[in-house]
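Student: I have a structure here, written as structure tokens, and I will follow up with some questions on it.
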Amino acid sequence: MMFKTHVVFGFLVGLFLIQFLHPANQILFMTLVVIASILPDIDHPDSKLGKKVKIIGFLFEHRGFFHSVFALVLFSFPVFYFLNPLYGLAVLAGYLSHMAIDCLTHQGIMPFHPLSRQRISGFIATNSSIEFVIFILIAAFDLYKLLNL
């Protein structure tokens, strides 16, 4: 999926979580969810984050380690344990939202990389018209949720 699709989907996940978790600082909570929702693509040299940290794209396979449950734990556990459990859940949810929606693409993800190269993949081509329709639908749902909080 493209950057914008990950952002709107992560935002939607954050909106649902705010209703159930009631974080004291909703802006920080949502910021963490959205940042975490784009973080796995740091391993792609042409992504918004990957362009800023090119060495990671050089060292790691795209949709490999950074799209695995190991990276999910690596990024969310320290926030959960050392900073704040609620904000750790924000990072976990955002990161997981990225992995979940990438499972719908042809390329998919390898959730247990580097231990296994088995992929979970779907039927959507990244940056296709189908992804654009999904992006519009999620963005519309985001707006609906925002207006009805």
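Student: Checking the conditions here, which among 141, 123, 135 is more than 28 Å from residue 71 (Cα to Cα) and among the aromatic types (Phe, Trp, Tyr)?
Tutor: None of the other options fit; the residue is 141.
Student: Of the residues that make up the range 33-55, is at least one over 14 Å from the mean Cα position of the chain (by Cα), of a type in the set (Val, Ile, Thr) and at pLDDT below 95?
Tutor: Checked the range 33-55: at least one residue is over 14 Å from the mean Cα position of the chain (by Cα), of a type in the set (Val, Ile, Thr) and at pLDDT below 95.
Student: Is the range 83-92 home to any residue that is at pLDDT 95 or above, in contact with a Gly (Cβ under 9 Å, 6 or more places away or on another chain) and within 19 Å of residue 10 (Cβ to Cβ)?
Tutor: Yes, the conditions are met somewhere in the range 83-92.
Student: Being surrounded by fewer than 16 Cβ atoms within 10 Å (Cβ to Cβ) and touching a helix residue (DSSP H, G or I) at 6+ places or on another chain (Cβ under 8 Å) is the filter; apply it to the range 124-149 and report the residue that is nearest to residue 99 (Cα to Cα). Reasoning before the result, please.
Tutor: Let us first name the residues in the range 124-149 that are surrounded by fewer than 16 Cβ atoms within 10 Å (Cβ to Cβ), namely 125-130, 132-133, 136-137, 140-141, 143-144, 146-149.
From what's left, touching a helix residue (DSSP H, G or I) at 6+ places or on another chain (Cβ under 8 Å): 125, 141, 146, 149.
Details: 125: 15, 141: 20, 146: 24, 149: 26 Å.
Among residues in the range 124-149 that are surrounded by fewer than 16 Cβ atoms within 10 Å (Cβ to Cβ) and touching a helix residue (DSSP H, G or I) at 6+ places or on another chain (Cβ under 8 Å), the one nearest to residue 99 (Cα to Cα) is 125.
Student: On the given criteria, is residue 132 aromatic (Phe, Trp, Tyr), at negative phi and assigned to a loop (DSSP other than H, G, I, E, B)?
Tutor: no
The values are calculated or read from the model by the stated rules, or taken from the named source; none is laboratory data. Since the model is a prediction, treat every value here as computed from it, not as a measurement. Note that each Cβ is placed from the backbone with ideal geometry, even for glycine, and that neighbours are counted across all protein chains shown.
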